[in-house]
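The values are calculated or read from the model by the stated rules, or taken from the named source; none is laboratory data. Predicted, not measured: the structure shown is a model, and the values here were computed from it. Every residue, glycine as well, gets a Cβ built from its backbone with ideal geometry; the counts of neighbours run over all protein chains shown. Just so you know, the surface numbers come from the protein's heavy atoms only, side chains and all, with ligands and any DNA or RNA stripped out. Shrake-Rupley method; radii C 1.70, N 1.55, O 1.52, S 1.80 Å.
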Amino acid sequence: MNCKYPFLKLLHELGPLSTALTLVGGWVPTVYFEYLWKNQNSPFVTEDIDFALNKDIVWNQTLEKQIDQQHFKHRHLCMGKERPYQLLFENTPIDFLVDERDAKHVQESILGSGIILHATPDYRFLLENKLQVSCEGFVFHVPHPARYILHKTSVGLENLRFRSHDIATAYYVLTRSPEQNVIFKELKTLRKDAFYVLLRKQLSEVLDDPKLGLANKVVSHLREVGVNEDENDVRTDLLSLM
């Protein structure tokens, strides 16, 4: 099947399994702008395809046992050992992510023991109130834009040296969305959530430290994808998350 993006081709291969998956990571802005909001293309592309799994998925067999292995390759973590492995689809890496509190159940009962699963804190926050979308006939889920913006910002703040591009992605979604009123309404409902409280504290500390140059980093990352932004505007818009 001729699909516009690699993640759509993968969803086609997964068939009915795709309805239980949540697309996260760098392809999400493409879904927002092109398929959900239908107003423009996203300048962000990525080589990896990231899926989040939650503990509520119910399958008769694990994903590992259900996929047609002839269409997938394995990238082994340790030389000479068959497991664990990263799943590849037509040489495209697939990463599976989960909240660390749900990792054991998801690994054993949903994903399968052989495939690498990345457990991180606070992924439940990202997956609450997620949206079901249909892209070229494929039905799956993406995070609510407000939660995606906050989570991406958090990831960037946790490792500003190497992940500031995540904040640039969050900034672009926040400032270019045609549904900013919906996003800010959702942000307002989340203000007392512990995840958001901590994020506001971290963001305030970083923005108040001129040596870190957060706004400048965001401007530089956006320039790399052909988006020109003013540093003062970036700082002002990031402050709106406070």
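What to note about this one:
- Among (1) out of contact with any Gly (no Cβ under 9 Å at 6 or more places or on another chain); (2) open to solvent by 20 Å² or more (accessible area, probe 1.4 Å); (3) part of a strand (DSSP E or B); (4) not hydrophobic (A, V, I, L, M, F, W, C) - the single one Asp56 does not satisfy: (3)
- The range 105-144, subset within 13 Å of Asn54 (Cβ to Cβ) and touching a His at 6+ places or on another chain (Cβ under 6 Å), residue surrounded by the most Cβ atoms within 10 Å (Cβ to Cβ): Leu126
- Selection count, the range 87-127, where residues are within 18 Å of the chain's Cα centre (by Cα) and assigned to a loop (DSSP other than H, G, I, E, B): 3
- Qualifying residue in the range 216-232 (condition: part of a helix (DSSP H, G or I), closer than 24 Å to Asn129 by Cα and either of a type outside the set (Val, Ile, Thr) or open to solvent by 40 Å² or more (accessible area, probe 1.4 Å) (or both)): no
- Number of positions in the range 222-242 that are under 18 Å from Tyr148 (Cα atoms) and not aliphatic (A, V, I, L, M): 2
- The residue that is nearest to Val106 (Cα to Cα), among those in the range 38-72 that are at pLDDT 90 or above and of a type in the set (D, E, K, R), is Lys55.
- Test for Thr46: is it of a type in the set (Val, Ile, Thr), assigned to a loop (DSSP other than H, G, I, E, B) and either free of Cβ contacts under 8 Å to residues at least 24 places away in the same chain or open to solvent by less than 10 Å² (accessible area, probe 1.4 Å) (or both): yes
- Any chance Leu199 is out of contact with any Lys or Arg (no Cβ under 7 Å at 6 or more places or on another chain) and outside any helix (DSSP H, G or I): no
- Pair list, Cβ under 8 Å, 6 or more apart: the range 87-98 residue of a type in the set (Ser, Thr, Tyr), other residue at pLDDT 95 or above and in a strand (DSSP E or B): Thr92/Ile49
- Matching residues in the range 59-76 - criterion: being of a type outside the set (D, E, K, R) and either more than 16 Å from Ile116 (Cβ to Cβ) or exposed (fewer than 12 other Cβ atoms within 10 Å of the Cβ) (or both): Trp59, Asn60, Gln61, Gln66, Gln69, Gln70, His71
- Hits in the range 185-197 (condition: open to solvent by less than 100 Å² (accessible area, probe 1.4 Å) and free of Cβ contacts under 8 Å to residues at least 40 places away in the same chain): Thr189, Arg191, Ala194, Val197
- Number of the condition not met by Glu100 [criteria: (1) modelled with pLDDT of 95 or more; (2) buried (at least 17 other Cβ atoms within 10 Å of the Cβ)]: (2)
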